[in-house]
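To start, the structure itself, in structure tokens.
The values are calculated or read from the model by the stated rules, or taken from the named source; none is laboratory data. For clarity, every value in this text was computed on a predicted model and none was experimentally measured. Side chains are part of the model used for accessible areas, which takes the heavy atoms of the whole protein and leaves out ligands, DNA and RNA. Shrake-Rupley method; radii C 1.70, N 1.55, O 1.52, S 1.80 Å.
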Amino acid sequence: MTTVPPTTTVPPTTTGPPTTTGQQAVERRTELAAFLRTRRERISPEDVGLPPGHRRRTSGLRREEVAQLAGVGVTWYTWLEQGRPINASSQVLDAIARTLKLDPVERAHLFQLADVPGTDPLATCVECPLPAEVQQVLDAMANVPASVVNERFDLLAWNDMYGRLFPRLTAALPADRNTLLSVLACYRCCCPLVNYDTQIDGMIGQLRAAYGRHVGDPAWAHFIGRLQAASPDFTRVWAAHDVAHPTTYLKLFRHPGVGEISTKSTSFAVTAVPWARMVVYIPTDDESQVALDKLAVGEGMDVHYPCWPNHAPPQASPSVLQAS
């Protein structure tokens with residue numbers, strides 16, 4: 001069993017969207033403008049059947065080229081990309097999405113930012129308690145790590161195997177118990193994630209897509225600022241405005257006591273809490289399952305990386321002084 005009560009409450013930021021204010025509308029349009037600009041700049045004229053031309057001062061397509069291909073006015077599209085308060089229909093946004101070759105996740109993100117119907121609305125709830133049955137499901141998967149996170153990667157619940165693999169994270173204070181933050185802030189010498197660069201791109205892309213539903217929310221703005229302060233890597237990837245959605249990922253972990261563990265992560269929606277999902281890590285080979293079996297019986301839990309004296313958490317409890 002974990003140290004988290006089955007009735008753990010989701011942080012208030014995962015409830016329904018806040019009432020839109022004038023400032024929030026401005027921030028949403030600013031986000032939309034930046035997203036459109038980054039999508040336009042990644043497409044070459046040749047990608048859409050246009051001649052390459054000479055002396056192009058901008059990378060990718062020009063605004064007038066996007067407008068022409070989408071069948072909208074140049075001035076109107078320019079205003080849209082400048083973040084001016086104009087209305088856009090779903091038909092026009094679809095045309096822009098096709099022109100910019102947006103994938104389904106990017107298209108949904110575009111509609112969210114433009115505040116136009118076309119994507120599922122964010123469900124609302126009062127306190128969004130995590131049902132006790134969810135913890136029971138986690139505990140039933142005793143031989144593989146499993147957890148529940150919300151769209152902001154706050155860790156809401158986990159099973160014992162997950163806690164053995166990530167003892168620092170699960171023993172952290174609730175405000176610091178965030179899987180993305182823990183990866184970005186960890187030292188590379190003792191970071192449990194092996195394929196760091198690949199995974200943070202996908203995680204930040206998921207966060208960017210979720211952020212489209214919360215632009216202007218002060219709590220989300222504070223959280224994004226915290227990530228930017230913690231990691232130049234986050235700031236770099238965040239500025240690219242790439243979006244992604246939870247899917248099956250190959251994740252490689254390492255543990256000082258049992259070595260590398262190769263898994264595939266699969267997500268399942270937890271419908272009782274808006275945008276929460278259960279993530280299960282299935283080993284991809286026999287060696288990884290053997291490593292997990294060793295952790296299950298406590299083998300290797302007293303082994304530390306050489307950097308432990310420098311990176312041990314201050315005043316850590318005995319349960320934290322493991323696997324670091």
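Could you name the aspartates and glutamates whose alpha carbon sits less than 17 Å from that of residue 101, not counting residues in the same chain fewer than 8 places away? Residue 101 reaches 41, 46, 47, 64, 65, 81, 242.
On the principal axes of its alpha carbon atoms, segment 60-101 extends 24, 20, 14 Å, with the longest extent given first. Sorting 288, 90 by solvent-accessible area of protein heavy atoms yields 90, 288, largest first, with a 1.4 Å probe. Per-residue Karplus couplings for segment 215-229, computed as 6.51 cos²θ - 1.76 cosθ + 1.60 with θ equal to phi - 60°, are listed in order as 4, x, 6, x, 5, 5, 4, 5, 5, 4, x, 5, 5, 5, 5 Hz, Gly and Pro entered as x. Normalised by 2.2 N^0.38 Å, where N is the number of residues, the alpha-carbon radius of gyration of segment 129-286 equals 1.00.
At each listed q (0.14, 0.31 Å⁻¹), what is the log10 of I(q)/I(0) that the Debye formula gives for segment 267-306 modelled as equal alpha-carbon point scatterers? With no solvent term, the Cα-only Debye profile gives -0.54, -0.98. Divide the volume of the convex hull around the Cα atoms of segment 201-285 by the residue count and you get 132 Å³ per residue.
Based on the Stokes-Einstein relation at 37 °C and a viscosity of 0.692 mPa s, and on the Kirkwood radius from alpha carbon pairs, segment 132-223 is assigned a translational diffusion coefficient of 228 µm²/s. For segment 74-203, the alpha carbon positions stretch 57, 38, 25 Å along the principal axes, listed from largest to smallest.
Note that segment 27-90 carries a Kirkwood radius of 12.4 Å, evaluated over its alpha carbons pair by pair. Straight-distance candidates among the lysines for linking to residue 264, with alpha-carbon spacing under 24 Å and chain neighbours fewer than 8 residues away dropped: 251, 294.
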